[in-house]
Structure formats: C-alpha cells, structure tokens
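K.L.:
Okay, here's the structure, questions in a sec.
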Amino acid sequence: QVQLVESGGGLVQPGGSLRLSCAASGSLFNIYNMGWYRQAPGKQRELVATITSSGRTNYADTVKGRFTISRDNAKSTVYLQMNSLKPEDTAAYYCNANQLRANYWGQGTQVTVSS
C-alpha cells in the first residue's frame, strides 16, 4: 500500500513558476513508476508527465520544454517543476504511482495561473 501526498500548489501569475512535490509513504518507492496528471473543471484527467522507476521521462506535448519531472528515491518524493506557466495550466494536479496491477492516487493540489 502506498499513500501519496501532494503539496506546492497555489496561485501564480502567467509566466511564473511553481514546484509540486509528492511524498510517498510505504516501502519500495523506487520500484514504482510515478506520474503527474491534471484535471481542469469540466475536462477529463490528462497526463502531464511520467518518470519510470529507472528514470525515463515522458511529457505531454503541451508542457514539453516548460515542465520537468524528477524523483528522489532517498526521500520517496517525486517533483514537478513548472516554469512559464500559462492560464491553461490551471487545474488540480494529481500524483500517481503504479507498478504492475498496483495503482495509487494522491488527493490533488490546485494550481491556478491568473493575473
């Protein structure tokens, strides 16, 4: 069993930056593939970025070059550095951990990009 707790969301102006963190409890964090997803009001949840247990990353086209996902296995934490934020990045951001049939979600953290 893995519990995920996100933090770091908030209100930021267009062009600004935020760093989201997702702290995982439980053992064997390093074997999990981790990801960030987001859901805007009235829209489906969508993939933002993923990082495998071996460190391979993948990004949605809409965030490539602006967002960076990373993980610190010693701290059982995954990060999402978000730069050059746009109003369309406004959403609830969710952390995900998965491995084989195991799939876990955090409670989400709100990111609002507005002037």
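The values are calculated or read from the model by the stated rules, or taken from the named source; none is laboratory data. What you see is a predicted model, and the numbers here were worked out from it, not measured in a lab. Cβ placement follows ideal geometry from the backbone for every residue including glycine, while neighbour counts extend to all protein chains displayed. To get the accessible areas, we keep the full protein, side chains included, count just its heavy atoms, and leave off ligands, DNA and RNA. Shrake-Rupley method; radii C 1.70, N 1.55, O 1.52, S 1.80 Å.
K.L.:
How much of the accessible area of the chain, probe 1.4 Å, is carbon plus sulfur, in whole percent?
P.N.:
46
K.L.:
From Cα pairs below 8 angstrom and at least 6 apart in sequence, can you work out the relative contact order of region 6-70, rounded to a whole percent?
P.N.:
It comes to 20 percent, rounded to a whole number.
K.L.:
So, one more: Between Phe29, Gly9, Ser115, whose Cα lies farthest towards the positive end of the dipole of the chain when Lys and Arg beta carbons carry +1 and Asp and Glu beta carbons carry -1, centred on the Cα centre?
P.N.:
Positive-most Cα among the choices belongs to Phe29.
K.L.:
For the chain, what relative contact order do you get, as a whole percent, if you take Cα pairs closer than 8 Å and at least 6 residues apart? Working shown, then result.
P.N.:
Values: 277 pairs, mean separation 42.2, N = 115.
The normalised contact order for the chain reaches 37 percent.
K.L.:
A further question follows. Compute the length gained on full extension between Leu11 and Ser115: take 0.36 nm times their separation in residues and subtract their Cα-Cα distance, giving the result in nm to one decimal. Intermediate values should be presented prior to the final figure.
P.N.:
Values: separation 104, 0.36 × 104 = 37.44 nm, distance 0.91 nm.
That pair, Leu11 and Ser115, stretches by 36.5 nm at full extension.
K.L.:
Output the direction-averaged projected area (hull surface divided by four) of the convex hull of the alpha-carbon atoms of region 57-108, in nm².
P.N.:
Quarter of the Cα hull surface area: 4.6 nm².
K.L.:
GNM on the chain, C-alpha springs below 10 Å: top fluctuator among Gly55, Gly65, Gly35?
P.N.:
Gly65
K.L.:
Something else now. Test of understanding: extend the Cα→C-beta vector of Trp105 to 7 Å, then name every residue of region 27-43 with backbone N under 20 Å from that spot.
P.N.:
32-43
K.L.:
Ranking request for peptides 13-22, 72-81: highest mean number of other beta-carbon atoms within 10 Å first, then the rest in descending order.
P.N.:
Per-residue Cβ counts within 10 Å, averaged per peptide and sorted highest first, yield 72-81, 13-22.
K.L.:
Note down the magnitude of the dipole of region 40-107 about its Cα centre, charges +1 on Lys and Arg C-beta and -1 on Asp and Glu C-beta and zero elsewhere, to the nearest 20 debye.
P.N.:
Once rounded to the nearest 20, the dipole reads 140 debye.
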